[in-house]
Amino acid sequence: MFSLDFLINALSLGSLYALIALGLVIVYGILKLVNFAYGELIMVGGYALFMLGNLPALPWLVMALIAVTIAMLTSYLTERVAFRPVREKSLTAILITSFAVSTLLQNAALLIVSSRSRAVQFPAIFSGSVRLGNVDIANRNILVIVTSTLLLIALTLLLKRTILGIALRAAADKFQMTRMLGVPANLIISVAFVISGLLAGVVSLFWIGRVGSVTPTIGLSPLLIAFVATVIGGMNSLEGAVVGGYLYGFLFSIISLILPQNLLDYREALMFSIVILILLFKPEGLIRGTYSGERVG
C-alpha cells in the first residue's frame, strides 16, 4: 500500500507544509499574531517569477533568488510600514492590520497584473523524473525534500548556535524580559519577519511549481494549511510547527490514497475532522511550547 512513490510524495508534501507552518509560527511566537498576510508573500514570490520570466537570457536560478529576495523584502516592509505603528495597540488592531495588508497586496496584484491566472516558466528539471528500481520519482519532489532539509538544518543552527538566534528564541519565550535585558526589539521583530519572508519565498517556488501558474488569491490555500498545521503541532512551538506540517502532509496523502475517486473533493473536510479529534485530546497541540502568553506592548 505504502510504496516508495507514496512515501516520497508524502514526504515532499510534508516538507512543503512544514516550511509554510514554520514561517507563520516564527512571527506568532513574538507578536502573538497569526499573520493573515503571510499567504500573500507566496503570491508576491510567484508574480516576481512571472515578471522575471519575461526578461531575456536571465538564468532561472537567478530569477528564483530574486523572487525569494522580493518576498523577504515585502515581509520586512509590511512589518516596518504596517505592523510596527500598531503593534503596541490592541491585539484586535494588529489583527485587522494583517487583514488590511493581505487585501492591499491582493488588490495590488489585480491592478498591476490581472485577475486571470498567469503561467510561470519553470526549468525542465521541475517536470523531469528519476527512476529508482521500478518507480519514477519526480525531480520536483526530490528538490522539495532536499531544499526543506537544508533550510531546516540552517535555521536550527541559526537559532541554537548564534547570538541572533538565541535572541530570537528568548524573545519568543519572554519578549518583555528580553527587551529589558537590552535586546533591540525592532531588530528581533524585523529579523523574524525577514525569516518568515524567506520561507514564504522558497515555498512559492515549489507551490507554484506544482500548479504552474499564479493568481492574486493563490496564497489563501497555503495560509489555511499553515494555520491548521500549526494548530496540530502547537502554536507556541517551532518544533511543533514542523511536526504539524509533516503530519498534515502524510495524513493528506493517506486520505488521498484510500478515498474513492468520487470522494476526493471531500479530503479537506475529512482532514478538518481529524484535526478536531486531535485537538479534543491535545488542545495545546502535539508539542507544548514554552512561549508565554505575553505580546509585544
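Derivation of every value follows stated rules applied to the coordinates shown; laboratory data play no part. These numbers come from a predicted model, not from an experiment. As a convention, Cβ positions derive from the backbone with ideal geometry for all residues, glycine included, and neighbour counts pool all protein chains shown.
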Practice task
Test LEU152 against the criterion of being exposed (fewer than 14 other Cβ atoms within 10 Å of the Cβ) and either basic (Lys, Arg) or within 30 Å of LEU7 (Cα to Cα) (or both), and give yes or no.
Solution key: no
Exercise for the section: Could you pull out the residue among MET43, MET63 that is surrounded by 20 or more Cβ atoms within 10 Å (Cβ to Cβ) and in contact with a Pro (Cβ under 7 Å, 6 or more places away or on another chain)? Expected result: MET43
Handout entry: Where a residue in the range 273-287 is free of Cβ contacts under 8 Å to residues at least 60 places away in the same chain and part of a loop (DSSP other than H, G, I, E, B) and its partner, wherever it lies, is of a type in the set (Ser, Thr, Tyr) and surrounded by 14 or more Cβ atoms within 10 Å (Cβ to Cβ), with Cβ under 9 Å and at least six apart
Key = GLY285/THR230; GLY285/SER237; LEU286/SER237; ILE287/SER237
Handout entry: Residues located in the range 41-92, provided they are polar (S, T, N, Q), over 17 Å from VAL214 (Cα atoms) and without any contact (Cβ under 8 Å) to a residue 12 or more places away in the chain
Key = SER90, THR92
Handout entry: Meets criteria (closer than 21 Å to PHE250 by Cα and either exposed (fewer than 14 other Cβ atoms within 10 Å of the Cβ) or in contact with a helix residue (DSSP H, G or I) (Cβ under 9 Å, 6 or more places away or on another chain) (or both)) for VAL183
Key = no
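Filter the range 244-258 down to the residues that are without any contact (Cβ under 8 Å) to a residue 60 or more places away in the chain and β-branched (Val, Ile, Thr) and list them by number.
ILE255, ILE258
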Exercise for the section: Select from the range 85-139 the residues that are loosely packed, with under 15 Cβ neighbours inside 10 Å and touching an Asp or Glu at 6+ places or on another chain (Cβ under 8 Å) and write down the one among them that is farthest from SER204 (Cα to Cα). Expected result: VAL135
Practice task
Answer yes or no as to whether ILE255 is surrounded by 22 or more Cβ atoms within 10 Å (Cβ to Cβ) and of a type in the set (A, V, I, L, M, F, W, C).
Solution key: no
